[in-house]
Every structure is written in structure tokens, then in C-alpha cells.
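The values are calculated or read from the model by the stated rules, or taken from the named source; none is laboratory data. These numbers were taken from a predicted model, which means no experiment stands behind them. Ideal geometry is used to build each Cβ from the backbone, glycine not excepted, and the neighbour counts take in all protein chains shown. Surface accessibility is based on the protein's heavy atoms, side chains included, excluding ligands, DNA and RNA. Shrake-Rupley method; radii C 1.70, N 1.55, O 1.52, S 1.80 Å.
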Amino acid sequence: MYVVFLGAPGAGKGTQAAEVAKELKLAHIATGDMFRDAQKKGTKLALEAKTYMDKGMLVPDEITIKMVLERISAPDCVKGVIFDGFPRNLAQAQALDKAMAEQSKAIDHVVYIKVSEEELLKRLGGRWICRQCQSPYHEVASPPKVKGKCDKCGGELYQRSDDVPATIKERLKVFFAQTAPLIDYYSKTGKLVEVNGEGGMDEIKQRILKAVGKKSPR
Ligand code: AMP
């Protein structure tokens, strides 16, 4: 099963995509994480991507599409993929459709996680992420048990360099200008399902599983 997760920055896409991918045993392709991982390794591609990421802008399509198309040809993607943060504009959506069609595959569902703008700003402002396992925390809504440490793996928590007010504003602007048109693109294919992204983490996960036709074992 191939599922695209759409949602503004702060909608909880990353958290839910990781959870749902684990539950359904699908590969999880998160382009933002791929760029951040590449930055740790200091590759040329990563340095180029960073200049865009730090401004809250999209990394150029030629870099992003190439990276994703390489990734989906890996063996762990054969059974299916949750796409998290990709596609982010029409050109990427069309490139993905074409690549999938060439492998006689297609996107099965597009889950749009919807959260109000007011809530997005609140969430992004106090976000902390584990450097090791990428688990997200929030200063107010979901603080870690020990300040600065991940509850799950003990890793160090950090704030993303693009989670600062000016960049947050730009990322939301980019979402509404470039990514939101994908809602229309995918709704025409009849594959789009809208899920309320406000509520408890498990509650939202259950809504997503239901939207893609899968029930949780619980
Ligand atoms: P994310 O972790 O999904 O919020 O992505 C962080 C940043 O990585 C974005 O603000 C972009 O600069 C870049 N990025 C992630 N995915 C894409 C994509 N599909 N196309 C272009 N840039 C991306």
C-alpha cells in the first residue's frame, strides 16, 4: 500500500507517519529527515539543501525528486511506503505518479491531516526533537520526563534550526501556496481523505488507520 501524508508543518505528519508505517509494516520516507540525515554526513547535496531549509523554502525539485526516486527503488519499499513530506508541490506529485506508473504501481490513499493555523503556530513554537530517534516533544503539550532527554532512547533533545518564528512563518506560507494545491490535485483522483489532526496521538492514529481502510488490532 502506498500512502501520501499531507499536512502543514506542525500538523503531526512525521509522528503519525512513523507510527502508521510501523503498524502497517510499510517503509517510511520522510524527505525532511533524509535531508537532515545527509547534513549530519556533510554531503554536498546536504549543504545545498540546508541553505533552503534554513530559510523555510523548498529544496529544488531536481534534488528532491532524484533523492526520492532513488529511495523508492530500495527493496524495503516493495510492500509499500508512507510518504511524509513528499510530494510538496505539483511537479513532485506528477513525478511520483509517473515513477509509480512505470513500476505498475499507484498511490492508494492520500491522508490530509488538518490542523488549524492557530494550533500549528502553538505546536511549532515549543517543539523539541530527539537527535537519535527523531521522537518529537513539546514544552507545554508533551514535555519529556527529564528536560533535554528523550523518554524513549535517552537521546539529546534539540530544536530544529527552522523552528524559529521567522522561518516557521515562511514554512506555513510555502505550505499554503505550494503544497495546499495538492489537496485539490488528489481530491480529483478520489484518493484524498481528510483527517482531523487535533486530539490525542492515539486518537488521531486510529482516525488515519480507519481512513486507509485498516483497523488497529486493539
Ligand atoms: P520537514 O521535516 O518535512 O518539515 O521538512 C523540513 C524542510 O526540508 C522543509 O522546510 C524544506 O526546506 C525541506 N523539504 C522537505 N521535504 C521537501 C520536499 N518534498 N521538497 C522540497 N523541500 C523539502
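One line per residue, one yes/no per condition, for (1) more than 18 Å from residue 9 (Cβ to Cβ); (2) surrounded by fewer than 14 Cβ atoms within 10 Å (Cβ to Cβ); (3) in contact with a Pro (Cβ under 6 Å, 6 or more places away or on another chain):
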| position | (1), (2), (3) |
| --- | --- |
| 142 | no, no, no |
| 151 | yes, no, yes |
| 156 | yes, yes, no |
| 168 | no, no, no |
| 173 | no, yes, no |
| 187 | yes, no, no |
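When 145, 98 are checked against the criterion of being in contact with an Asp or Glu (Cβ under 8 Å, 6 or more places away or on another chain) and either more than 21 Å from residue 32 (Cα to Cα) or of a type outside the set (A, V, I, L, M) (or both), 145 stands alone in meeting it. Restricted to strands (runs of 3 or more DSSP E) entirely inside region 1-114, those with at least 1 residues that are near the ligand (Cβ under 9 Å from one of its atoms) and under 30 Å from residue 202 (Cα atoms) are 27-30, 81-84. Scanning region 24-47 for residues that are open to solvent by 50 Å² or more (accessible area, probe 1.4 Å) and at pLDDT 95 or above gives 25, 28. Across region 186-193, not a single residue is classified as modelled with pLDDT of 95 or more, touching a strand residue (DSSP E or B) at 6+ places or on another chain (Cβ under 6 Å), closer than 19 Å to residue 130 by Cβ and outside any helix (DSSP H, G or I).
Residue by residue, here is whether (1) on the phi < 0 side of the Ramachandran plot; (2) among the β-branched types (Val, Ile, Thr); (3) touching a residue at least 60 places away in the same chain (Cβ under 8 Å) holds:
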site: 3; (1), (2), (3): yes, yes, yes
site: 19; (1), (2), (3): yes, no, yes
site: 53; (1), (2), (3): yes, no, yes
site: 76; (1), (2), (3): yes, no, no
site: 88; (1), (2), (3): yes, no, yes
site: 91; (1), (2), (3): yes, no, no
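Scanning region 104-128 for residues that are out of contact with any Gly (no Cβ under 9 Å at 6 or more places or on another chain) and free of Cβ contacts under 8 Å to residues at least 40 places away in the same chain yields 104, 118, 126.
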